[in-house]
Amino acid sequence: MTDEIISSSAHGAHDVLAALRAACPIPARLSPHADDVQGWLVSELPWDAPTRERLGLAGFARYAGRLYPDATEADLRVLTALFTWFFLVDDACDSADRNAPEEIRALRDGAVALLHGGTRLRHPGLIGPLRRLLVHASREPYRRMPACWRLRFADAVAHHLDGTWQEAVNKTNGHAPGVEEYVELRRATSAAYVSYPLVEFVSGRPLPDAVYHHPRLGQLRAVGNDLLSWYNDIASLDRDAAVSGGHNLVLALAAAHRLPLAAAVELAAERWHDSMRRFVSLRDSVPSFGPALDPAVTAHLDGVARAVRGTVDWTMESARYALAKEGPLPNASGIGRGPS
């Protein structure tokens with residue numbers, strides 16, 4: 001595949017992204033604290049100068065502020081620190097000089113052990129800056145939220161990092177997943193399932209397990225995950241065509257249907273439109289759980305919808321995808337190897 005073909009397809013993808021954004025029926029919102037928290041992230045946390053510059057351009061606080069526009073400034077700092085942790089992990093695990101699968105597995109085990117066992121627990125897979133950032137970012141949610149929520153959050157992190165590990169194994173083995181295999185794996189690697197419990201942290205309204213795991217809510221979360229993941233795949237097509245080993249919806253569709261990339265982009269967009277119609281229908285069909293629980297359910301549904309719209313808007317404004325060709329954030333790929 002030549003660079004010219006990739007570049008041409010990426011240019012067409014930008015037009016498709018703009019059209020999908022215009023067609024998104026979910027209203028855009030942004031926290032009034034987003035820019036102040038972005039300044040805090042860049043200036044007050046202990047980054048080296050190159051990392052600070054790239055974090056500033058990426059705008060992770062604006063991403064968190066689009067997903068959680070009603071968060072207090074203090075809570076938005078917590079959420080932004082968590083988002084930054086996941087993006088640093090992504091850079092360490094999904095770049096050209098990515099960590100090996102066994103290192104990703106150790107990182108996964110260390111993070112899950114910390115989230116299950118508390119911040120005093122030490123694990124060799126999670127040390128150094130990544131450990132310190134996760135300890136800092138998880139402290140307040142774990143202080144305020146009940147045990148059932150903490151377990152759900154830890155399970156979501158484990159699911160995400162399991163997917164990250166599986167993708168690394170696939171790349172190591174030269175395995176390009178088929179479309180349906182990829183869609184299921186992408187639901188893990190996107191980290192959307194991690195973002196959903198954080199809605200309850202912001203609202204202060206944790207859902208009972210029986211409600212959170214209701215089939216209709218689960219279906220809505222899965223479709224919302226697909227929508228934000230596929231939009232991101234189209235946005236990152238130029239990078240993924242070079243380094244993803246086929247882990248991109250457009251690339252999987254192109255391989256399955258023997259299509260040129262431009263046609264596969266259009267097919268991915270068609271799937272996105274179909275899924276958006278299903279998302280709207282599913283949301284309209286969510287049952288009432290009674291006056292005591294419906295406000296929390298509504299907040300959860302709004303949060304899933306904002307994850308879709310927030311990803312769309314942040315993707316179009318962030319410099320992260322233009323920067324992706326430059327490799328991981330400085331120091332990211334080596335996190336986990338140094339002293340704690």
(request) Any chance you could check the Cα centroid distance between region 138-190 and region 271-291 for me, in angstrom? (result) 24 Å
(message) I need the semi-axes of the equivalent ellipsoid of region 107-205: take the C-alpha gyration tensor, multiply each eigenvalue by 5, square-root it, list largest first in whole angstrom.
(response) 26, 18, 9
(message) What does the net charge come to around ALA28 if you take all other residues with beta carbon closer than 12 Å to its beta carbon, with K and R at +1 and D and E at -1?
(response) +4
(request) Have a look at ALA23, CYS93, GLY110 and report the one farthest towards the positive end of the charge dipole of the chain, computed about the Cα centre with Cβ charges (Lys/Arg +1, Asp/Glu -1). (result) GLY110
(request) Rounding to the nearest 20 debye, state how big the charge dipole of the chain is about its Cα centre with +1 on each Lys and Arg Cβ and -1 on each Asp and Glu Cβ. (result) 900 debye
(request) Pull out a ≥ b ≥ c, the square roots of the eigenvalues of the alpha-carbon gyration tensor of region 13-110, then state rounded if a/c is under 1.5, prolate if not and a/b is larger than b/c, and oblate in the remaining case. (result) oblate
(message) Tell me the relative contact order for the chain as a rounded percent, counting alpha carbon contacts under 8 Å between residues six or more apart.
(response) 28 percent
(message) Only four residue types carry charge here, +1 at the Cβ of Lys and Arg and -1 at the Cβ of Asp and Glu. Report the dipole size of region 63-222 about the Cα centre in Debye, rounded to the nearest 20.
(response) 580 debye
(request) Along Cα→Cβ, 7 Å out, is where each label goes; now give me the distance between the ones at GLU266 and ARG122 in nm to one decimal. (result) 6.0 nm
(message) Please state the shape class of region 13-52: rounded when a/c is under 1.5, otherwise prolate if a/b exceeds b/c and oblate if not, all from the C-alpha gyration tensor.
(response) oblate
(message) Counting only other residues whose beta carbon sits under 14 Å from that of TRP149, what net charge do I get with K and R as +1, D and E as -1?
(response) +1
(message) As I understand it, the dipole of region 3-326 uses +1 on the Cβ of Lys and Arg and -1 on the Cβ of Asp and Glu, about the Cα centre. Which of LEU227, ALA262, ALA13 lies farthest toward its positive end?
(response) LEU227
(message) If you take every residue apart from TRP40 with its C-beta less than 11 Å away from the C-beta of TRP40, what net charge results, scoring Lys and Arg +1 and Asp and Glu -1?
(response) -3
(message) Given axes a ≥ b ≥ c from the Cα gyration tensor, I'd like to know whether region 3-326 is rounded (a/c under 1.5), prolate (a/b larger than b/c) or oblate.
(response) rounded
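Rounded to the nearest 0.05, what FRET efficiency is calculated for GLU44 and ASP155 with R0 set to 30 Å and r the Cβ-Cβ distance? Spell out each step's value before the answer.
Working: r = 31 Å, r/R0 = 1.04.
Using R0 = 30 Å, I get an efficiency of 0.45.
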(request) Would you give the gap between the C-alpha center of region 17-44 and the C-alpha center of region 249-265, rounded to a whole Å? (result) 30 Å
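Here, each number is a calculation from the coordinates, and none is a lab measurement. All values reported here derive from a predicted model rather than from experimental measurement. A quick note on method: Cβ atoms are made from the backbone with ideal geometry, for glycine too, and the neighbour counts reach across all protein chains shown.
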